[in-house]
1. Exactly one condition in (1) under 22 Å from the mean Cα position of the chain (by Cα); (2) surrounded by 15 or more Cβ atoms within 10 Å (Cβ to Cβ) is not met by Glu497; state its number.
2. Could you go through region 477-494 and let me know if any residue there is of a type in the set (Asp, Glu), out of contact with any Cys (no Cβ under 7 Å at 6 or more places or on another chain) and either within 16 Å of ligand 1 (Cβ to nearest atom) or under 23 Å from Pro349 (Cβ atoms) (or both).
3. Give me the pairs, please: first residue somewhere in region 361-390 and closer than 24 Å to Val242 by Cα, second residue anywhere and of a type in the set (A, V, I, L, M, F, W, C) and part of a loop (DSSP other than H, G, I, E, B), beta-carbon distance under 7 Å, and either six or more positions apart or on two chains.
4. Can you tell me which residues in region 235-277 are assigned to a loop (DSSP other than H, G, I, E, B) and among the charged types (D, E, K, R)?
5. Return yes or no: is His207 of a type outside the set (Val, Ile, Thr), assigned to a loop (DSSP other than H, G, I, E, B) and not assigned by TED's automatic domain parsing to the domain that holds Tyr68?
6. Which number in (1) more than 16 Å from ligand 1 (Cβ to nearest atom); (2) exposed (fewer than 13 other Cβ atoms within 10 Å of the Cβ) marks the one condition that Glu509 misses?
7. How many residues does region 125-163 hold that are farther than 27 Å from Asp465 by Cα, over 20 Å from the mean Cα position of the chain (by Cα) and either outside the structural domain of Thr15 (by TED's automatic domain parsing) or of a type outside the set (Phe, Trp, Tyr) (or both)?
8. Does region 355-388 hold any residues that are within 16 Å of ligand 2 (Cβ to nearest atom), in a helix (DSSP H, G or I) and out of contact with any Lys or Arg (no Cβ under 6 Å at 6 or more places or on another chain), and which are they?
Amino acid sequence: MNGIAQSRVRTVATTPFDDQRPGTSGLRKKVAVFRQPHYLENFVQSVFDTLALPPGSALVLGGDGRYYNREALQVILKIAAANGIGRMLVGRNGILSTPAASCVIRKRGTSGGIILSASHNPGGPQGDFGIKVNAANGGPAPSTLTEAIYARSRTLQTYRVLDAPDVVPDQFGASVMGEMTVEVIDPVADYAALMESLFDFAVLRTHFASGFRLCYDAMHAVTGPYAKEILERRLGAPAGSVIHGEPRADFGGEPPDPNLVHAHELVDVMNRSDAPDFGAACDGDGDRNMILGRRFFVTPSDSLAVLAANATLVPGYAVGLKGVARSMPTSRAVDRVAQQLGIPCYETPTGWKYFGNLLDAGRITLCGEESFGTGSDHVREKDGLWAVLFWLNILAARRQPVETIVREHWRTYGRHFYTRHDYEGLDPVAAESLLNKLRERLGRLPGQRIGNRRVREGNEFQYTDPVDGGLASGQGLRILFEDGARIVLRLSGTGTEGATLRLYVEAFEPDPARHHLDTQEALAELIAAALALSEIPGRTGRRAPSVIT
Ligand code: VG1
Ligand code: CO
């Protein structure tokens, strides 16, 4: 415990980088970019300069365990110590899932936290790394803060770092780094306790004991230890219910992206004749989830709607929901549930940070995005394992298969056919000009016919935060039809290579006789219209999307 004697603060001269603007979910770049001399240091110093925390403040620090997590952790600790942070709560071995970090920030009342993750993006030396800053409410830093960090990063001339030996965070308990205390905590404990307070663990234990089976794919990412502790140890799911449960720095060589393509082993299991009752997967940092039944895929938009409609079956939500929210491109399935429940439904821009104010103000209880993100007011991040437990609790209460529950939901509320087509690795200039061209045309679209549909309105989504009045503009181009169908286009803010164009298409189908249709077929006319109006093939040279969800 003689860190003070061995350490001294050094001020290092640096030159600013101009590419440190945080995107939809923090600063995300190739590992090679983060490894440039001073790159990480500059950004972290910009964060501390912008936060301007009182001396002695406490923060939470941890990540998804990907390649470069360990090295980055030491750099951040030493810069934090040199900037007057008093206490850093670090997940053991530098591990904290994104929702667990949010939970710890809230439970321990720290001034915020730093999460090391590039989410579902690939890991390894050739892969991606990322750094996210969370506020004292446990949620992603609002745009005002991330923009201020970016502005600071462009003028930074020096950073402060403590010359001190590394603190290896492999043992629980406190040690010192200069004048800062480094407290190594169990990354799972607080989170598991929170889950136990929301869901009926006794009923779930009985359900598993009576033979209910699940396959949970942790994708060699951060949720392995969380899922083994909660699903296998506390709830008694048979050993082996969690697959790919050992976190690896390169996620086993595949992107830790819980979709039908990357979670293919899980998909194979769920397609077998002896498939378990329920399948699920989470992403690299544990905030996304994919839900499967036997030979049945639940779209994230439908999942949010089903959770909202069945929330009172779950102890933590038994009193009902205050309201719900979804990101703009997410299907309107949850809107119908909200309408029937007589509660407000908010439409926000893409990215979890926009839900924070609504959650803090007590206006909403549940929220979600089409990109496999679902969450509630229990933390301020989307939460993959929470969504899995929510589904398990509903399944245990209703004792029906996943598919039956979703089909019944469609019968009650109607079905929202929904798809997202991603065009990845585009020339950024071509992608921008495609959107500019379409933006110019939007005003002329009303009244135009596409098959039986008529365009009601074409516009660009902007959002005025109902709590603080903050304005977010340029949040996606929309073509809205009179019957409620929609075409949406926007550029991704999380990619690290070229531009990714996302095309979202939705149509409402009230007629149960048509609910069995294949999604791509049901939406074929609208997809063709979207391609024609935006000239994607001609302007990008792409004849097909890179990914269809
Ligand atoms: C994507 C998703 C968005 C999500 C974001 C972060 O952003 O579309 O819904 O909030 O990723 O998710 P974009 O800008 O690429 O469309 V995660 O799991 O990276 O924190
Ligand atoms: Co994620």
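The values are calculated or read from the model by the stated rules, or taken from the named source; none is laboratory data. Just so it is clear, the model here is predicted, and its values are computed rather than measured. In this analysis, Cβ positions are derived from the backbone assuming ideal geometry, glycine residues included, and neighbour counts consider all displayed protein chains.
1. Status for Glu497: all satisfied but (2).
2. Step one: filter region 477-494 for residues of a type in the set (Asp, Glu), giving 482-483.
Those still in the list that are out of contact with any Cys (no Cβ under 7 Å at 6 or more places or on another chain) too: 482-483.
When the remaining residues are screened for being either within 16 Å of ligand 1 (Cβ to nearest atom) or under 23 Å from Pro349 (Cβ atoms) (or both), the result is none.
Scanning region 477-494, I find no residue that is of a type in the set (Asp, Glu), out of contact with any Cys (no Cβ under 7 Å at 6 or more places or on another chain) and either within 16 Å of ligand 1 (Cβ to nearest atom) or under 23 Å from Pro349 (Cβ atoms) (or both), so the answer is no.
3. Between residues of region 361-390 that are closer than 24 Å to Val242 by Cα and residues that are of a type in the set (A, V, I, L, M, F, W, C) and part of a loop (DSSP other than H, G, I, E, B), the close pairs are Leu389/Phe199; Phe390/Val314.
4. First, pick out the residues of region 235-277 that are assigned to a loop (DSSP other than H, G, I, E, B): 235-241, 244-250, 254-263, 272-277.
If the condition is that a residue be assigned to a loop (DSSP other than H, G, I, E, B) and among the charged types (D, E, K, R), then Glu246, Arg248, Asp250, Glu254, Asp257, Arg272, Asp274, Asp277 are the ones that fit.
5. Values: of a type outside the set (Val, Ile, Thr): yes; assigned to a loop (DSSP other than H, G, I, E, B): no; not assigned by TED's automatic domain parsing to the domain that holds Tyr68: yes.
So His207 fails the test.
6. Status for Glu509: all satisfied but (2).
7. Of all residues in region 125-163, those farther than 27 Å from Asp465 by Cα come to 125-129, 154-163.
Right, trim to over 20 Å from the mean Cα position of the chain (by Cα) and you get 125-126, 154-163.
The next check asks that each one be either outside the structural domain of Thr15 (by TED's automatic domain parsing) or of a type outside the set (Phe, Trp, Tyr) (or both); those that pass are 125-126, 154-158, 160-163.
Within region 125-163, residues that are farther than 27 Å from Asp465 by Cα, over 20 Å from the mean Cα position of the chain (by Cα) and either outside the structural domain of Thr15 (by TED's automatic domain parsing) or of a type outside the set (Phe, Trp, Tyr) (or both) number 11.
8. Phe355, Leu385, Trp386, Ala387, Val388, listed by residue number.
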